[in-house]
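The structure under discussion appears below in the form of structure tokens.
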Amino acid sequence: MQDGPEQSTGSNLPEFSVSEISNALKRTVEDTFSYVRVRGELSGVKVAASGHMYADLKDDKSVLNVICWRGSMSKLSIKPEDGLEVICAGRLTTYPGRSNYQMVIESMELAGEGALLKMLEERRKKLAAEGLFAAERKKQRPFIPNKIGVVTSPTGSVIRDIIHRLRERFPRHVLVWPARVQGEGAAAEIEAGIRGFNAMPEDQRPDLIIVARGGGSLEDLMPFNDEGVVSYV
């Protein structure tokens, strides 16, 4: 009796089209990694005209493509830059058309104080090379200012301390420009306060501007180290 034709190995396995297997992988990845935190170094950071950011997040062995949509970019507490070691939170997704996967970033933070100090030192060198710290650019402070502008939180303890000390030693007219001094949007509000005081008519403009907050951790103080704030000061 003659045997029938041999069945090919795996003939009982289900058959997928390319689209079916790609979509199945997409569901698996997105369901399994719907919210993750990933630590790595930013590389190839590019912000498109649309406001979306594209970059790589890498370590010594692997690279992960990342994207941050414009709406999330505006809420980030730090400015993404090449070489920063960060912790990104978001979700993984796949692009079946190219068999790629990537991370969609929702938030980003610096990975520890070491990363903060490294970023600040690199920023200091950059601004120094532009001549921002040159002695000839510094303005002479008035010995006894008549009007003092303060950019700070109007509800924080620091403004009460400033006013109290001024009343004790030499009472002066104080103008307060309200600004957040920590968290999202703080750097922009601090810079706006400095610009606002300087844009006042000369007879109303303060003779001296104080930008202050009541202490805090290195990360809490980051809005005061923002490149825009430092450049304008």
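The values are calculated or read from the model by the stated rules, or taken from the named source; none is laboratory data. Fair warning: this is a prediction, and the values are worked out from it, not measured in the lab. Please note: Cβ atoms are built from the backbone with ideal geometry, for glycine as well, and neighbour counts cover all protein chains shown.
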key: Selection count, segment 183-215, where residues are part of a loop (DSSP other than H, G, I, E, B), free of Cβ contacts under 8 Å to residues at least 60 places away in the same chain and either surrounded by 13 or more Cβ atoms within 10 Å (Cβ to Cβ) or touching an Asp or Glu at 6+ places or on another chain (Cβ under 9 Å) (or both)   = 4
message = So residue 149 passes all but one of these: (1) within 25 Å of residue 36 (Cα to Cα); (2) outside any helix (DSSP H, G or I). Which condition number does it fail?
response = (1)
request  = Would you point out which residue out of 132, 127 is part of a loop (DSSP other than H, G, I, E, B), more than 17 Å from the chain's Cα centre (by Cα), touching a residue at least 60 places away in the same chain (Cβ under 8 Å) and not assigned by TED's automatic domain parsing to the domain that holds residue 51?
outcome  = 132
Matching residues in segment 131-149 - criterion: being out of contact with any helix residue (DSSP H, G or I) (no Cβ under 6 Å at 6 or more places or on another chain) and surrounded by 10 or more Cβ atoms within 10 Å (Cβ to Cβ) = 132, 133, 142, 145, 146, 147, 148
Test for residue 99: is it in contact (Cβ under 8 Å) with a residue 12 or more places away in the chain and surrounded by fewer than 17 Cβ atoms within 10 Å (Cβ to Cβ) = yes
message = Looking at the structure I just gave you, is residue 168 exposed (fewer than 15 other Cβ atoms within 10 Å of the Cβ) and either over 21 Å from the mean Cα position of the chain (by Cα) or more than 27 Å from residue 86 (Cβ to Cβ) (or both)?
response = yes
query = Just one of 75, 61 is surrounded by fewer than 15 Cβ atoms within 10 Å (Cβ to Cβ) and either at pLDDT 90 or above or out of contact with any strand residue (DSSP E or B) (no Cβ under 8 Å at 6 or more places or on another chain) (or both); which is it?
reply = 61
request  = For segment 35-43, indicate whether the set of residues that are assigned to a loop (DSSP other than H, G, I, E, B) and modelled with pLDDT of 95 or more is non-empty.
outcome  = yes
